[in-house]
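*Asks:* Let me give you the structure first, and then I'll get to my questions.
The values are calculated or read from the model by the stated rules, or taken from the named source; none is laboratory data. Worth saying up front: this structure is predicted, and the values here are computed from it rather than measured. Neighbour counts run over all protein chains shown; Cβ positions are idealised from the backbone, glycine included. Each accessible area value is taken on the protein alone, full model and side chains, heavy atoms only, with ligands, DNA and RNA left out. Shrake-Rupley method; radii C 1.70, N 1.55, O 1.52, S 1.80 Å.
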Amino acid sequence: MQDEKFNNLVSLKTLLSVDGIGPYKIFMLLNKFKSFRNILSAEKSELMRIDGISNKIAERIINASKRIDSLESKVASELNLMHKLNGKVVTYWDEEYPELLRNIYYPPLILYIAGNFENSDKYGVAIVGTRKPTNYGIQQAEKFASELVKKGIIIISGLARGIDSYAHRAAINGGGRTIAVIGSGVDVIYPPENARLFKQITEQGAIVSEFEPGTKPDAQNFPRRNRIISGLSLGVLIIETRQNGGAMQTAAYALDQNREIFALPGNVNSPQSEGPNLLIQKGEAKLVITADDVLDELGSKLGPEKKIGKKSEHVSLSLFEEKIIEALGNEALHIDIIADKAAMNTSECLVHLLSLEFKGLVKQLPGKIFMSV
């Protein structure tokens, strides 16, 4: 199995080395040929039957297939280095690949990870902002990160100077998990003063990159990094940034990926508040002043255990009510399906659903459809 995974990784890297081949064309090729090896051993005429594969690209694929052996030693060296870093290489087709990220446009097909993903990481909120925050921005980044991790939310950011670093540190100090997406190889610590923070994140979360080990931080890498930050998150919180700051780019990706966008309002005379205030003014971001504002807006995107945890200070649930909340999950379901999943009869289930509706945890839709709120 390990040999098969190694061979697939070598073949995938061979295809990605072909000029004009990206995720979309690889998906199209796989749909036809079923495996990477089949793609690389296909005839030119077979390749050209695939939409988007021109004569020139087909020739490049065939030429690349002749170089596959030379890539094996490089991939073996990469895997050896990742092992020394207590890391791993995860591809789009591996079970460990984050589900939220899998569904974005142009997902990274290979991720280098130092640390580990956990199932709870699907409940993540990104906190991003300027590299030159005001004291207000620092205080708010720490406050939001600290309060969110107490609710079991994972903090995602980019390990940059400023807001990113303060959010990561607050998550760690609060005993929570945090994920840093970087624009360099996972063996290249940038900025260098974050070396200790880098190590802490690998112990209480993960450092993630789509760039091969040894890749130096470069301006063109950061937009690609930003789409992963938003792609891993349920929502993105912008805390202080100029109108042309990188955090605004992350917000734009979040909008394209159908993620929630939150913005902390700031002093209209402060350059650092230009970005968040503009997002609020254009109606592209929800104005938030507390972590509960973020949680309320995410609503049904949070798992049932998060919703129960969030409401438990004010609302007690019976065993039957908890079973119904778990059965609902993030879906809107008919009463008969809910009853079946919760192992109750329909009339009994309806009584508990109405009780949950009174408690503000469930909403009834037309046609006896119910959903969590």
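*Asks:* For the range 121-185, list the strands (runs of 3 or more DSSP E) that sit wholly inside it and hold at least 3 residues that are more than 17 Å from Pro265 (Cα to Cα) and among the β-branched types (Val, Ile, Thr); which are they?
*Replies:* Per the criteria, 154-157, 178-181.
*Asks:* In the range 328-359, what residues are of a type outside the set (Asp, Glu), under 33 Å from the mean Cα position of the chain (by Cα) and assigned to a loop (DSSP other than H, G, I, E, B)?
*Replies:* Keep residues of the range 328-359 that are of a type outside the set (Asp, Glu), which gives 328-330, 332-335, 337-339, 341-347, 349-356, 358-359.
After this cut, where a residue has to be under 33 Å from the mean Cα position of the chain (by Cα) as well, the list is 328-330, 332-335, 337-339, 341-342, 353, 356, 359.
Scanning the range 328-359 gives Gly329, Asn330, Ala342, Lys359.
*Asks:* Any chance you could count how many residues in the range 186-212 are assigned to a strand (DSSP E or B) and polar (S, T, N, Q)?
*Replies:* Initial filter on the range 186-212 (assigned to a strand (DSSP E or B)): 205-209.
Next, only the ones that are polar (S, T, N, Q) stay: 209.
Summing the residues that are assigned to a strand (DSSP E or B) and polar (S, T, N, Q) in the range 186-212 gives 1.
*Asks:* Keeping to the range 28-55, report how many residues are small (Gly, Ala, Ser), in a loop (DSSP other than H, G, I, E, B) and farther than 15 Å from Ile68 by Cβ.
*Replies:* Here the count works out to 2.
*Asks:* Using beta carbons and a limit of 8 Å, which pairs, at least six apart or on different chains, have the first residue in the range 102-119 and within 25 Å of Leu15 (Cβ to Cβ) and the second one aromatic (Phe, Trp, Tyr)?
*Replies:* Filtered contacts from the range 102-119: Arg102/Tyr92; Tyr106/Tyr24; Pro107/Tyr92; Pro108/Tyr92; Leu109/Tyr92; Ile110/Tyr92; Leu111/Tyr97; Tyr112/Phe211.
*Asks:* Test each condition in (1) open to solvent by 10 Å² or more (accessible area, probe 1.4 Å); (2) under 13 Å from Pro213 (Cα atoms); (3) out of contact with any Asp or Glu (no Cβ under 7 Å at 6 or more places or on another chain); (4) in a helix (DSSP H, G or I) for Met82 and report the one that comes out false.
*Replies:* (1)
*Asks:* Lys306: at pLDDT below 85, over 29 Å from Ala171 (Cβ atoms), charged (D, E, K, R) and surrounded by fewer than 20 Cβ atoms within 10 Å (Cβ to Cβ), yes or no?
*Replies:* no
*Asks:* Only one residue in Asn63, Asn8 is exposed (fewer than 12 other Cβ atoms within 10 Å of the Cβ) and among the polar types (S, T, N, Q), so which one is that?
*Replies:* On the way: Asn8 fails: exposed (fewer than 12 other Cβ atoms within 10 Å of the Cβ).
From the options Asn63, Asn8, the qualifying one is Asn63.
*Asks:* Please state which of the following conditions Phe370 fails to meet, knowing it meets all the rest: (1) touching a Leu at 6+ places or on another chain (Cβ under 7 Å); (2) part of a helix (DSSP H, G or I).
*Replies:* It is condition (2) that Phe370 fails.
*Asks:* Condition first: assigned to a helix (DSSP H, G or I) and either modelled with pLDDT of 95 or more or open to solvent by less than 60 Å² (accessible area, probe 1.4 Å) (or both). Now tell me which residues in the range 17-27 satisfy that.
*Replies:* Looking only at the range 17-27, we keep the residues that are assigned to a helix (DSSP H, G or I), and these are 23-27.
Scanning the range 17-27 gives Pro23, Lys25, Ile26.
*Asks:* Could you tell me whether Arg60 is assigned to a helix (DSSP H, G or I), farther than 28 Å from Asn103 by Cβ and either in contact (Cβ under 8 Å) with a residue 12 or more places away in the chain or among the basic types (Lys, Arg) (or both)?
*Replies:* Considered against the rule, which asks whether it is assigned to a helix (DSSP H, G or I), farther than 28 Å from Asn103 by Cβ and either in contact (Cβ under 8 Å) with a residue 12 or more places away in the chain or among the basic types (Lys, Arg) (or both), Arg60 comes out as yes.
*Asks:* In addition: Give the range 215-231 a look and list any residue that's buried (at least 24 other Cβ atoms within 10 Å of the Cβ) and not charged (D, E, K, R), or say none.
*Replies:* Answer for the range 215-231, where residues must be buried (at least 24 other Cβ atoms within 10 Å of the Cβ) and not charged (D, E, K, R): Asn226, Ile228, Ile229, Ser230, Gly231.
*Asks:* Taking into account only those residues within the range 116-150 that are of a type in the set (Ser, Thr, Tyr) and under 16 Å from the mean Cα position of the chain (by Cα), which is least open to solvent (accessible area, probe 1.4 Å)?
*Replies:* Out of the qualifying residues, it is Tyr123.
*Asks:* Only residues that are open to solvent by 20 Å² or more (accessible area, probe 1.4 Å), out of contact with any helix residue (DSSP H, G or I) (no Cβ under 6 Å at 6 or more places or on another chain) and within 23 Å of Lys122 (Cα to Cα): list them for the range 327-370, please.
*Replies:* Correct list: Glu331, Ala332.
*Asks:* Does Ser11 satisfy being of a type in the set (S, T, N, Q) and over 20 Å from Leu79 (Cβ atoms)? First the steps, then the outcome.
*Replies:* Values: of a type in the set (S, T, N, Q): yes; over 20 Å from Leu79 (Cβ atoms): no.
Here the answer is no, as Ser11 does not meet what is asked.
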